[in-house]
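Report on the structure given below.
Readers should treat all values here as calculations from the given coordinates under stated rules, not as data from a laboratory. In this text, all values refer to a predicted model and were calculated from it rather than measured experimentally. Cβ sites come from the backbone with ideal geometry, for glycine too, and all protein chains shown count toward neighbours.
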Amino acid sequence: MDFDDQLNRYFGTADLAAIHPEALAAGTERMRVDFGLETNPGRRFALWALMHMLGVAPDLDIAFKDAAERDLARDFMDMVDRAGDGAD
């Protein structure tokens with residue numbers, strides 16, 4: 001899943017700064033619904049990762065029943081945190 005494609009799909013633009021609060025709320029709600037319905041593990045993870053980056057992801061124990069998927073999500077969270085620390 002391409003990041004820009006997902007932003008366009010859920011928010012109508014790939015420019016995060018251009019997303020109006022109402023569009024953000026509506027798009028994140030659609031993401032939550034799609035996440036709950038998605039059965040492909042890779043797509044579920046990609047949706048969760050995007051939601052995490054936007055600060056709207058469900059907790060790991062709710063999002064992923066499988067311990068390996070939770071560990072992968074934790075690794076992703078650590079990677080994003082490290083990348084953010086290097087940007088300062």
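Would you please put 62-68, 25-31, 47-53, 79-85 in order of how densely packed they are, using the mean number of other Cβ atoms within 10 angstrom per residue and starting with the highest? Working shown, then result.
Details: 62-68: 11.9, 25-31: 15.9, 47-53: 18.7, 79-85: 9.7.
With the highest mean Cβ count within 10 Å placed first, the list reads 47-53, 25-31, 62-68, 79-85.
With charges set only on the Cβ (+1 for Lys and Arg, -1 for Asp and Glu), what does the dipole of segment 3-86 come to about its Cα centre, in debye to the nearest 20?
Working: 9 positive and 16 negative charges, 42 e Å.
With only Lys, Arg, Asp and Glu charged at Cβ, the dipole is about 200 debye.
The mean sequence separation of alpha-carbon pairs under 8 Å and at least six residues apart, normalised by the residue count of the chain, gives a relative contact order of 17 percent. The local environment of Arg70, defined by Cβ-Cβ distances under 15 Å, has a net charge of -4 under the rule Lys, Arg +1 and Asp, Glu -1. With N counted as the residues of segment 1-53, its alpha-carbon radius of gyration over 2.2 N^0.38 Å works out to 1.06. Other residues lying with their Cβ under 13 Å from the Cβ of Ala14 contribute a combined charge of -3, Lys and Arg counting +1, Asp and Glu -1.
Once you have the Cα-Cα distance between Ala14 and Leu37, take 0.36 nm times their residue separation minus that, and quote the gain in nm to one decimal.
On the way: separation 23, 0.36 × 23 = 8.28 nm, distance 2.36 nm.
My answer for the length gained is 5.9 nm.
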